[in-house]
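These notes are about the structure you will find just below.
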Amino acid sequence: MSEPLNDAARWTQLHERLAEFERRLSEGFAIAPDESAARLRERTRQWAGTPQAEDRQGELEVLTFSLSNELYAIGSEHVAQVLPLSQYTPLPSTPGYVLGIVNVRGRIVSVVDLRVLFELPIVGLSERSFLLVLQSADMEFGLLIDRVLGVAQIRREALQSSLANLSGVRAKYLLGVTREQWTVLDGARLLGDSSLCVMAED
């Protein structure tokens, strides 16, 4: 059994992970599907069996992004890729919040328009629109976002569990709200909702 890391080593490891995450972000999270799934499984095993697992429960690494002039964040462990979104294929007879489907390196991925789902102001797609692909062992779909802001560390204990102006479906997927007024989405709850993944029939 390996010895627990001291504080300096933990900070070094944290900075290395942040640097790696930002490198992936700048490259569009260009990870092959098989490699991405393998990394998710390995990360889960490592975090569950290391002395740092308890410490990480207090810290949350998030990807921050903007949507309809509001600030959002989601745990980076749920993010598989971030890509520019300029074209998509609409699907008939799907819920209004399903923008359509896109081909992501050979995989058909449905795109959820959070503006519709959260009842936010809607404007047309711009050249800055991006697709944030969420992935778990059992689910994969994309979120339409305006732009990526960066990677941040937040304290779970500092999150407010609710706000008066967040209700209905937004409260359903809410992990918390930061003091900077970032709405932190619950990635696990999003990925656990099968209604958000609508695929084209063969």
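Among what's in the stretch 85-117 and is charged (D, E, K, R) and within 23 Å of S66 (Cα to Cα), pick the residue that is modelled with the highest pLDDT.
D113
Matching residues to (1) on the phi > 0 side of the Ramachandran plot; (2) over 15 Å from the mean Cα position of the chain (by Cα):
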position	(1), (2)
Y72	no, no
Q87	no, yes
G106	yes, yes
L117	no, yes
V148	no, no
Q. Within the stretch 86-98, can one find any residue that is of a type outside the set (F, W, Y), touching an Asp or Glu at 6+ places or on another chain (Cβ under 8 Å), buried (at least 20 other Cβ atoms within 10 Å of the Cβ) and not in a loop (DSSP other than H, G, I, E, B)?
A. yes
Q: Kindly provide the set of residues from the stretch 71-95 that are out of contact with any strand residue (DSSP E or B) (no Cβ under 8 Å at 6 or more places or on another chain) and within 15 Å of L143 (Cβ to Cβ), ordered by number.
A: P95
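The values are calculated or read from the model by the stated rules, or taken from the named source; none is laboratory data. Values in this document were obtained by computation on a predicted structure and should not be read as measured data. When we count neighbours, we look across all protein chains shown, and the Cβ atoms used for this are built from the backbone with ideal geometry, even at glycine.
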